[in-house]
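Notes follow the structure.
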Amino acid sequence: MPPGSTPAPPRLPTSVVTLEEHCTFLGVGDETPFYTEIWKTFPDMRARLLDKSTRRLADMDEGHVSIQVLSQLPGVGNEDPEGCSKANDETAEVVRGSHGRLAGFAALAMKYPGRAAAELERAVTKLGLVGAMIDSHLPDSDMTHYDDEKYWVVFATAEKLDVPIYIHPSPASDELMRSRFEGNYKQATAEGLMTGAWGWHEELGLHVVKLYAAGLFQRHPNLRIVIGHMGEMIPMMIDRIDRLKFFKRGGVVGKFRDVWEKNIWVTTSGIFSVRTLEMLLKVTPLERVMYSVDSPFEPSARGWQFIEEVAESGIFSQDELEMFVSGNAKKLLKL
């Protein structure tokens, strides 16, 4: 290449994998007060979530998606072990009929951790699912996280099976919605603040740091956790978490950065911003960063536009772009 010339951007990829892609399985459904309101904002979404063939595959084709990993709509099923089992059976059936285009995460009723662990083992060893997606908290007024050791049997099972647990944001309790997110604006704005505009990411980021503080990753050093949305606000806080003395005084072993770089994988899901991706890569090994769309709430075609923007930006070589859009996910999920 002549001195001073600019290298050509990488070619666009031929293989794309996405893994925060939702659907509704009738075993658990979507009948909650939260989703009753959400459908007012996304009136076409219920039909899209139920579709696991024609419209979904057409959307994937528009976004050049080779393989999509299905997961049950978040915020339902946490208290319904039987429903989760039925949903996982349905997931496996859909995956088998997809000619390799679809894979699946198991739904788990985390309120009953022993049953959830057993269901995870069944879903992986008997049904062929590639891990699980769980809600970030129980649907109770306390929004219970999983830093209590009674929930760790699920994580221990994932470590034993060598499959990831994807932790996804879930709706806030009614009490928190009223006290923290409602204000001098319309209810639709409060719903945005509680969900994708702020609250979901703040709460899930806190949860991951609590799992570190409780010693989950020390107990299960080979555990693989996936989080979405460019890291759920954690990337900008990593250095501060490690610098302040609270964790050391509290007896927490090791640095959070070490957990972040070894045990946490991050997807882009729903955040199509090159500059945010650049910020994530400042603190996260490329091997831990994966492309995702957050369909059907976001169209796969918009995701492809983002891939084009990333390629054009020059932040990745050809090999690095392929790792980002498919290679890292294929390795993690053994696809």
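Using a 1.4 angstrom probe on the protein heavy atoms only, line up 227, 67 by accessible area, largest first.
Details: 227 0, 67 30 Å².
Most to least solvent-accessible, the answer reads 67, 227.
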Computed Kirkwood radius, in angstrom, where 1/r is averaged over Cα pairs of region 188-238: 12.0
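What order do 177, 323, 237 take when sorted by accessible area (1.4 Å probe), most exposed first?
Working: 177 20, 323 55, 237 80 Å².
Highest to lowest solvent-accessible surface, that is 237, 323, 177.
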Region 64-136: mean projected area of Cα convex hull, nm²: 4.8
By accessible area with a 1.4 Å probe, ligands and nucleic acids excluded, highest first: order of 253, 209: 253, 209
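Given a Förster radius of 35 Å and the C-beta distance between residue 313 and residue 258 as r, what FRET efficiency does 1/(1 + (r/R0)^6) yield to the nearest 0.05? List each step's numbers first, then the result.
Values: r = 29 Å, r/R0 = 0.84.
The computed FRET efficiency comes out at 0.75.
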Chymotrypsin sites (Phe, Trp or Tyr not before Pro) within region 179-223: DSSP coil, no more than 16 neighbouring Cβ in 10 Å: 185, 198
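State the percent of C-alpha pairs, over all pairs in region 181-301, separated by a distance greater than 21 angstrom.
Details: 3215 of 7260 pairs.
The proportion of pairs with Cα distances above 21 Å equals 44 percent.
Could you work out how much longer the chain between residue 330 and residue 242 gets when fully extended? Use 0.36 nm per residue separation minus the Cα distance between them, nm to one decimal.
On the way: separation 88, 0.36 × 88 = 31.68 nm, distance 3.11 nm.
So the chain would gain 28.6 nm between residue 330 and residue 242.
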Sequence-separation-based contact order of region 37-122, relative, with Cα cut under 8 Å and 6+ spacing, percent: 28
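At a 1.4 Å probe, what is the % contribution of carbon and sulfur to the accessible area of the chain?
53
Relative contact order of the chain: what whole-number percent is it, with Cα pairs under 8 angstrom and at least 6 residues apart?
Numbers: 566 pairs, mean separation 71.2, N = 335.
That works out to 21 percent.
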Listed residues 168, 99, 207, most fluctuating in the chain (Gaussian network, C-alpha, under 10 Å): 99
Efficiency of FRET between residue 101 and residue 121 - r from beta-carbon atoms, R0 30 angstrom, step 0.05: 0.70
Estimated [θ] at 222 nm from DSSP helical runs (n ≥ 4, -39500 (n - 2.57)) normalised by residues in the chain, nearest 500: -12000 deg cm²/dmol
Solvent-accessible area per residue for the chain (1.4 angstrom probe, square angstrom): 45
Highest-fluctuation residue, 63, 250, 196 considered, GNM on the chain with Cα pairs under 10 Å: 250
Two-site label geometry, residue 178 and residue 286: point separation in nm, points 7 Å out along Cα→Cβ: 5.1
Built amide H within the under 5 Å cut-off of residue 289, gap 5+: 266
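Taking trypsin sites (Lys or Arg not before Pro) as candidate sites, keep only those in a DSSP loop with at most 11 other Cβ atoms within 10 Å, then name the longest stretch of the chain containing none of them.
Working: sites that count: 11, 126, 186, 245, 334.
Between the exposed loop sites, the longest stretch runs 12-125.
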At 1.306 mPa s and 10 °C, Stokes diffusion of the chain via Kirkwood alpha-carbon radius, µm² per second: 78
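The values are calculated or read from the model by the stated rules, or taken from the named source; none is laboratory data. What you see is a predicted model; the values in this text were computed from it and never measured. All Cβ positions, even for glycine, are placed from backbone atoms using ideal geometry, and neighbour counts span all protein chains on display. Each accessible area value is taken on the protein alone, full model and side chains, heavy atoms only, with ligands, DNA and RNA left out. Shrake-Rupley method; radii C 1.70, N 1.55, O 1.52, S 1.80 Å.
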